[in-house]
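The values are calculated or read from the model by the stated rules, or taken from the named source; none is laboratory data. Keep in mind that what you see is a predicted model, and the values were worked out from it rather than measured. Positions of Cβ are generated from backbone atoms using ideal geometry, with glycine treated the same way; all protein chains shown enter the neighbour counts.
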Amino acid sequence: MAVRLVAAVSCALALTACSSGDAATPTSETSAQRTTAAPADTSAAYVALGDSFTAGPGLPDQQPGAGFCQRSALNWPTLLAAATGTDDVSDLSCSGATTADLLSTVASPDLGAATRLVTISVGGNDGGLFSSLLGACAGGSEACGSFVRDSAPKILATTQPAIVELVDAVRAKAPDARIVLVGYLRIMPQTGTCESVGIPAAEVASVVSAEEALDAAQASAAQQAGIDYVSLRRASLGHDACAGDAAWTNGGQVTGGDGIVFHPRAAGMRAVAKAVAADRQG
């Protein structure tokens, strides 16, 4: 499959005038005689925007040129494209990306008139939500409940409109594209805990409520923006980081190079691709 790979964070290209040692001979060409060629449309049919839960750090066969974005050839956009027979793909996902980062990525020439599908999965890095949540709750102190009760709602209150702004920017750049917002796989089980996640049983409910709050914020953003939302909460029930061989995400321990800690395994990527493909057919 021919996949066009570009950096997930857009770069500004400075255009400077260059001159050689021999000056060009002036002509009497008038402005009426001069023509400017329209830029060629280089947009891809399918463009994927997302953070590390989309890119797939730690999964084998990193895409050529992925660099710090750590995009894997086993990530779910690549699998989705293969499953749907789409060979014109631009994977702009990047590990660590926030909604603001993806907003700048919309300037990429890979988004445009020819784009027919854009998937977006973002929000977990906004305000350091995931990292702060796991850091606060791993210790089993009052910090966990305090973060979930006081800090997380404030973060999500800015994340939701940021996602709407991102969707609006994508729609303006690719007016004929179907835009789909994709949620996150579960990390924590609905109840109980395990050594792998390192979250005390008393804090599990707080972590689960934060995961659910992010899912709700994404769903609300999608509704406000008028696009489909693929929630993965139901699909990943029983496939959390404590599910052993059935886990779709890692906990704090990884074996066999199957993703990185607290991120999707290869099985999780396959599951997300399947869920998004089913939404397209629905």
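Brief remarks follow.
- Flag if S90 is over 24 Å from A219 (Cα atoms), outside any loop (DSSP other than H, G, I, E, B) and among the small types (G, A, S): yes
- Residues in segment 45-69 that are crowded, with 22+ Cβ neighbours inside 10 Å and without any contact (Cβ under 8 Å) to a residue 60 or more places away in the chain: A55 alone.
- Search result, residues across segment 182-229 that are at pLDDT below 95, among the small types (G, A, S) and touching a Ser or Thr at 6+ places or on another chain (Cβ under 7 Å): A201
- Unmet criterion (only one of (1) of a type in the set (A, V, I, L, M); (2) crowded, with 22+ Cβ neighbours inside 10 Å; (3) under 19 Å from the mean Cα position of the chain (by Cα); (4) farther than 28 Å from I179 by Cα) for A247: (3)
- Every condition in (1) among the acidic types (D, E); (2) crowded, with 16+ Cβ neighbours inside 10 Å; (3) over 16 Å from the mean Cα position of the chain (by Cα) is met by D91 except one, and the failing one is (3).
- For segment 34-49, the candidate set comprises residues that are farther than 25 Å from I179 by Cα and of a type outside the set (V, I, T); within that set, the residue that is modelled with the lowest pLDDT is R34.
- Of all the numbered requirements in (1) in contact (Cβ under 8 Å) with a residue 60 or more places away in the chain; (2) not in a helix (DSSP H, G or I), S104 misses one, and that requirement is (2).
- Residue that is surrounded by the fewest Cβ atoms within 10 Å (Cβ to Cβ), among those in segment 122-136 that are assigned to a loop (DSSP other than H, G, I, E, B) and not aliphatic (A, V, I, L, M): N125
- Identity of the residue in segment 202-238, of a type in the set (D, E, K, R) and either in contact (Cβ under 8 Å) with a residue 12 or more places away in the chain or buried (at least 21 other Cβ atoms within 10 Å of the Cβ) (or both), that ends up nearest to G145 (Cα to Cα): E203
- Per-region count, segment 247-282, residues closer than 20 Å to A138 by Cβ, assigned to a loop (DSSP other than H, G, I, E, B) and in contact with a Pro (Cβ under 9 Å, 6 or more places away or on another chain): 4
- Restricting segment 107-121 to residues that are small (G, A, S) and part of a loop (DSSP other than H, G, I, E, B), the residue that is nearest to L80 (Cα to Cα): A114
- Conditions (1) touching a residue at least 24 places away in the same chain (Cβ under 8 Å); (2) surrounded by fewer than 22 Cβ atoms within 10 Å (Cβ to Cβ); (3) farther than 21 Å from F53 by Cβ; number of the one not met by P189: (3)
- Residue in segment 17-31 that is among the polar types (S, T, N, Q), at pLDDT 50 or above and at negative phi present: no
- Any hit, segment 163-186, residues being more than 29 Å from V276 (Cβ to Cβ) and either touching a residue at least 40 places away in the same chain (Cβ under 8 Å) or not in a loop (DSSP other than H, G, I, E, B) (or both): no
- Selection over segment 39-87 of residues that are under 14 Å from P264 (Cα atoms) and in a loop (DSSP other than H, G, I, E, B) gives a count of 11.
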